[in-house]
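The block underneath contains the structure these notes are about, expressed in structure tokens.
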Amino acid sequence: MTGEGAKTDRESKTQALARAGAASGNRAIDLAAAAALRIRDAVLARAFGTWAYGQTLRGPMPDHMVLYPLDLRPGRTSKADALFQGLWFLPGGQLRAPGASSPFAADPPSERWAEELHGFSWLRHFTTAHAAGTGDAARAYAQKLVADWIATEGEWHPIAWRPQVIGRRLTSWVANGALIIDGSELVYRSTLLRNMARQARHLARVAAMAPAGEPRIVAAIGLAFSGLCLSEGHKRLKKGTRLLCRELDRQILPDGGHVSRNPSAQLSILLDLLSLREALTTRRIEVPKPIRDAIDRMTPMLRFFRHGDGRLALFNGSTEGPEGAIDAALERDDAKGRPFGYAPHSGYQRLAAGPTGLVVDAGKPPPGPFSHEAHAGCLSFEMSVGRARMVVNCGATKVLGPDWEAASRATAAHSTLVLADTSSARMLRGRLSRALLGARIMDGPRRVESRRNENEAGTWLDMTHDGYAGNFGLLHRRRLFLSATGEDLRGEDMLEEAPPLRALPWQRGYWTRPPADPGFAIRFHLHPDAKASLAHDRSNVLVMLSNGDGWQFRARTAGGECEIAIEESVYLGSGDTTRRADQVVVTGKVFRGEARINWAWRRLSTRNAGRVREADAEVPELPDL
């Protein structure tokens, strides 16, 4: 296929995914397909757990690991210390395994937690602790945990032997091979290698059955690593890279974003691809072109999502990312180019001027199968000044339980307009539906439009979404202007009457009668390091950043001043802890089917940061596009 033909093919797939995303509701066909897959998986699980199937996994035993590939996810000695103490705080929940008790014998708090435990990605913390000079304690404990797993789950386990879990485990074991193999006894070493080959043979049969999205890529990469790093695995390497190339073509969009629109998934996949590329190069094996092309597209997109502090923006289930991981990925970017301004296929905009940078969500929710972590944050934005974050979204957590996770996905947890305390996208709620389809987005904005204009004065964005059209008959329009100096951000949020929409049978909200003159709130969540104070007359807010900058916020409606308040918020950017924060909230009511609010963030000079300048007494109008 020619380069132009390949581009056209990718764009057509992107359009197909976009159409799927627009109609990713709770449909009977989705439930029927999911039920069929559940039945298939249940039948196969019974078969896989039998003695007869186990005999089919016998085969040649690898006599050594050919290569220990580099793990680009940095480990932390503090995490290793916590695991030593039996504190297993993993995505999906928290568990304490006191003393020398094995975490594999405990009741897992959730399936996600169990997958993380059996995936062994936490081994890197012990590798870091061992390298930091903990003696043989880290190595001995890591080898004990591996031996415990082989003894209890090495034959079969319904969660531990899922394809994506095997893929992550094999990747972790080979990457930390020096920790779990070097200096070990012969019996342990041969048992470990034999069991790895057993897992790899099973994975070769089921990798393509992993759930859609990142899990299937993880399974494919694990299969490729098993073929690359075990002495008898050359056939698996070919099969794994073939599946990986197919999934990259399906999941990585032309602008380099992942179909889930999750920056954390973007980073995780890129780290694995870079590690695989380096391992293939070390073995003097040609890197397949689809892998090279995916890396070349994904790396600039990673720069796109990076704030001034070097960490990720918080959209659609993303966290800030493991400390040092982004730098480790970008150090391997030969181009080292500046991030671009618009990612049309991923649905994001980026504004940058002077010290200020904004990342804006200007896209529809991802297609249903890829939306299990997606948020209702359409038209939300994050803003950093130098290395200090100012306006943020709340982020996401996978450790604090389902209630926290649901709250973090709501529109109110994002820096955008919220109408009548209602999210602009709705997640599946029915017990049966969630059991079969997961917590995917059922319904959300079907039309999201954005227009961008740049000249010597600055950059304008004009965006609209119809996520409130069904329940309220209103469109949300947001206009942003960032001056060329980066010291003046102006915004305008409007609610306008939506054109009539044709309701679909599963979208019950489109049949409801809109309430009269609902209230709204425009939220600007602040980073915990940003300190806010409200003026005595409640006309403006002064925010002091950790870098010493002062920013003033003002807002008004077409009919005069509107209500400005500072309320409590919470920051979940690390993914496993909560930090208290503030949010600036502008409230008002829709009047006769419309509303318009102008607001502005203006940087104050260092000398005058403690007081409001006379020139800032009014909210400036947005320049014309």
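The values are calculated or read from the model by the stated rules, or taken from the named source; none is laboratory data. In this text the structure is predicted, and so the values were computed from the model without any measurement. Cβ: placed from backbone, ideal geometry, glycine included. Neighbour counts: every protein chain shown. Remember, those area values only see protein heavy atoms, side chains included, never the ligands or the DNA or RNA. Shrake-Rupley method; radii C 1.70, N 1.55, O 1.52, S 1.80 Å.
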Given the Cα-Cα distance of residue 591 and residue 235 and 0.36 nm per residue of separation, how much length would full extension add, in nm? 121.4 nm
Using only the alpha carbons, work out the radius of gyration and Dmax of the chain in angstrom. 25.6, 83
Using a simple spin-label model with points 7 Å from Cα along the Cα→Cβ vector, what separation in nm is obtained for residue 535 and residue 327? 4.1 nm
If the label point is 7 Å along Cα→Cβ of residue 153, which residues in region 72-91 have backbone nitrogen under 19 Å from it? 80, 83-91
Residues other than residue 220 with Cβ under 10 Å of its Cβ, Lys/Arg counted +1 and Asp/Glu -1, net out at +2
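Can you compute the helix-only [θ] at 222 nm over the chain? Use -39500 (n - 2.57) per DSSP H run of at least 4 residues, normalise by all residues, nearest 500 deg cm²/dmol.
Helix-only estimate at 222 nm: -11000 deg cm²/dmol.
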PRE reach from residue 178 (point 7 Å along Cα→Cβ): which of region 60-87 fall under 17 Å by backbone N? 65-77
Does region 454-493 come out rounded, prolate or oblate by the C-alpha gyration tensor, with a ≥ b ≥ c the root eigenvalues, rounded set by a/c under 1.5 and, if not, prolate when a/b is larger than b/c and oblate if not? prolate
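Indicate the gyration tensor shape class of region 321-369 (rounded, prolate or oblate), computed on the Cα atoms with a ≥ b ≥ c the square roots of the eigenvalues: a/c under 1.5 is rounded; otherwise a/b larger than b/c is prolate and the rest oblate.
Values: a/c = 1.94, a/b = 1.29, b/c = 1.51.
Oblate.
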Which aspartates and glutamates have a Cα less than 16 Å from the Cα of residue 238, not counting those fewer than 8 places away in the same chain? 247, 286
Report, largest value first, the span of the C-alpha coordinates of region 42-164 along each principal axis, in whole Å. 45, 37, 26
Between residue 87 and residue 186, what FRET efficiency comes out of the Förster formula 1/(1 + (r/R0)^6) with R0 = 30 Å and r the beta carbon distance, rounded to 0.05? 0.35
For region 191-313, what is the accessible area per residue in Å², given a 1.4 Å probe and the full set of protein chains? 31 Å²
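Can you give the percent of C-alpha pairs in region 547-607 whose distance is more than 16 Å? Provide the component values of the computation, followed by the final result.
Numbers: 1141 of 1830 pairs.
It works out to 62 percent of all Cα pairs.
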By what distance, in whole Å, do the Cα atoms of region 368-411 stretch along each of the three principal axes, largest value first? 35, 23, 16
Would you work out what percent of the accessible area of the chain, with all protein chains in place, is carbon or sulfur (probe 1.4 Å)? 52 percent
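Please list 460-473, 50-63, 165-178, 74-87 highest first by mean number of surrounding beta-carbon atoms within 10 Å per residue. Walk me through the intermediate numbers first.
Working: 460-473: 22.9, 50-63: 12.3, 165-178: 24.4, 74-87: 16.6.
The peptides rank, most packed first, as 165-178, 460-473, 74-87, 50-63.
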Each label sits 7 Å from Cα toward the beta-carbon; between residue 429 and residue 106 the label points are separated, in nm, by 3.4 nm
Once you keep just the Cα pairs under 8 angstrom separated by 6 or more residues, what percentage relative contact order results for the chain? 12 percent
Under 10 Å from the Cβ of residue 123, count the other residues' Cβ atoms, weight Lys and Arg +1, Asp and Glu -1, and hand me the total. +1
Peptides 420-427, 366-373: what's the order by average Cβ count within 10 Å, highest mean first? 366-373, 420-427
A student applying the Cα gyration tensor rule (rounded when a/c is under 1.5; otherwise prolate if a/b is larger than b/c, oblate if not) would label region 218-276 prolate
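Can you tell me how much longer the chain between residue 285 and residue 558 gets when fully stretched, taken as 0.36 nm per residue apart minus their C-alpha distance, in nm with one decimal?
Values: separation 273, 0.36 × 273 = 98.28 nm, distance 6.49 nm.
Full-extension gain reported as 91.8 nm.
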Around residue 444: net Lys/Arg minus Asp/Glu count, Cβ-Cβ under 9 Å: +2
Taking Cα atoms only, helix 289-305 is inclined relative to the longest principal axis of the chain by an angle, in degrees rounded to 10, of 40 degrees
Calculate how steeply helix 214-229 sits against the longest principal axis of the alpha-carbon atoms of the chain, using the helix alpha-carbon long axis, and give the answer as 0 to 90 degrees to the nearest 10. 40 degrees
